[in-house]
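K.L.:
Please find one structure pasted underneath; my questions will follow.
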Amino acid sequence: MDVSTSMLARDFTPDRISAAKDIAIEFIAQRPSDRMGIVVFAGESYTQCPLTTDRATLINLMKEISTDLIEDGTAIGNGLATAVARIKDSDAKSRVVILLTDGVNNSGEVAPETAAEIAKTYGIRVYTIGVGANGEAPYPVMTPWGVQVQNMKVEIDEKLLTSIAQTTGGRYFRATDNTKLSEIYSEINKMEKARVSVDSFPVYKELFGGYALAALICLLLELLIKLLVLRRLP
């Protein structure tokens, strides 16, 4: 997830980063059996949460993401390379990275194209999501008179994001508002369904108890008849 300061733009409700976090948490909750992790990037990248099945921890760490975690910038290549490094040794049948950004690569030591080729080598699919309205978006700017909202041009390198997705066998999506972003995650959720085999064992239920009790009663009745009834007969 991109955590550069441009993610504070308010073309989403209440802003891009808050919407991205909330919708990602919904996605996490819908896939309880998956091992997931979180990588964030701006001018550099780091792992916010390694691969885990602990949903509570994952969601809490997602909530803690903010735009002031690391140096500003947009290092798409570094972010993707870090995600690939975290997932490449997983033995899961389906290994996927969802790369969400709202800008143009302008930082980092790893070129996005190189990171995409590395992902392809390890058989990792990358779904890329460009976040931002068409045209301009309201953005909070610090001025001598306090924070003011100004319209800023939305710049997303859709060509690069499309190339990354195509290289790895994934797909590129464009989200222009909360609803569209939620629909994108739902579509990815449907596409990434893997059949899970579960060992099953027969469960036996013992039913002899009732029959044994009935037989015991019959046996006792027989003894009573022999001892009490038949003995009295001439």
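Every read-out reported here was derived from the displayed coordinates using simple, explicitly stated rules and does not represent laboratory data. None of these values were measured; they are calculated from a predicted model. Here Cβ is always computed from backbone atoms with ideal geometry, including for glycine, and neighbour counts include all displayed protein chains.
K.L.:
Hey, what angle do you get for helix 112-121 against the long axis of the chain, alpha-carbon based, 0 to 90 degrees rounded to 10?
P.N.:
Helix 112-121 sits roughly 30 degrees off the main axis of the chain.
K.L.:
Taking θ = phi - 60°, what integer Hz values does the Karplus form 6.51 cos²θ - 1.76 cosθ + 1.60 yield along the stretch 211-223, in sequence order, with x for Gly and Pro?
P.N.:
Ordered by residue, 3J(HN,Hα) equals 5, 5, 5, 4, 5, 5, 4, 4, 5, 5, 4, 4, 5 Hz.
K.L.:
Where in the chain is the longest stretch that carries no chymotrypsin sites (Phe, Trp or Tyr not before Pro) classed as loop by DSSP and with at most 10 other Cβ atoms within 10 Å?
P.N.:
Maximal segment without exposed cleavage sites: 1-144.
K.L.:
Sort the stretch 12-57 into rounded, prolate or oblate with this rule: let a ≥ b ≥ c be the square roots of the eigenvalues of the Cα gyration tensor; rounded if a/c is under 1.5, and if a/c is not under 1.5, prolate when a/b is larger than b/c, oblate otherwise.
P.N.:
Values: a/c = 3.14, a/b = 1.19, b/c = 2.64.
Here the stretch 12-57 falls in the oblate category.
K.L.:
Eight or more residues apart or on different chains, and alpha-carbon atoms under 17 Å: count the Lys pairs in the chain matching that.
P.N.:
Values: Lys21/Lys63; Lys21/Lys180; Lys88/Lys120; Lys93/Lys120; Lys93/Lys190; Lys93/Lys193; Lys180/Lys190.
Lysine pair count for the chain: 7.
K.L.:
To continue, here is another question. Can you list the HN-Hα couplings for the stretch 160-166, worked out from phi with the Karplus curve (6.51, -1.76, 1.60; θ = phi - 60°), rounded to whole Hz and with x for Gly and Pro?
P.N.:
Karplus-based 3J(HN,Hα) across the stretch 160-166 equals 5, 5, 5, 5, 4, 5, 5 Hz.
K.L.:
Are there GluC sites (Glu not before Pro) in the stretch 87-136 that DSSP marks as loop and that have at most 13 other Cβ atoms within 10 Å, and which are they? Kindly include the intermediate steps, with their values, before the conclusion.
P.N.:
Details: sites: Glu109, Glu113, Glu117, Glu136; in loops: Glu109.
Answer by residue number: Glu109.
K.L.:
Output the peptides 82-88, 217-223 sorted from most to least packed, where packing is the average of other Cβ atoms within 10 Å over each peptide's residues.
P.N.:
On the way: 82-88: 19.6, 217-223: 10.0.
Highest to lowest by the protection proxy: 82-88, 217-223.
K.L.:
Same structure again: Filter the GluC sites (Glu not before Pro) in the stretch 31-86 down to the DSSP loop ones having no more than 15 other Cβ atoms within 10 Å, then list what survives. Don't jump to the answer; show the numbers that get you there.
P.N.:
Details: sites: Glu44, Glu64, Glu71; in loops: Glu44, Glu64, Glu71.
Hits after loop and neighbour filter: Glu64, Glu71.
K.L.:
Taking the Cα atoms of the stretch 23-149 alone, what are Rg (to one decimal) and Dmax (as a whole number) in Å?
P.N.:
16.0, 55
K.L.:
For the chain, what is the convex hull (Cα atoms) projected area averaged across all directions, in square nanometres? Show your work: numbers first, answer last.
P.N.:
On the way: hull surface 83.2 nm².
Answer in nm², one decimal: 20.8.
K.L.:
How large is the Rg to Rh ratio of the stretch 58-100 when both quantities use alpha carbon positions and Rh follows Kirkwood?
P.N.:
Details: Rg = 12.6 Å, Rh = 12.4 Å.
Computed over Cα atoms, the ratio is 1.01.
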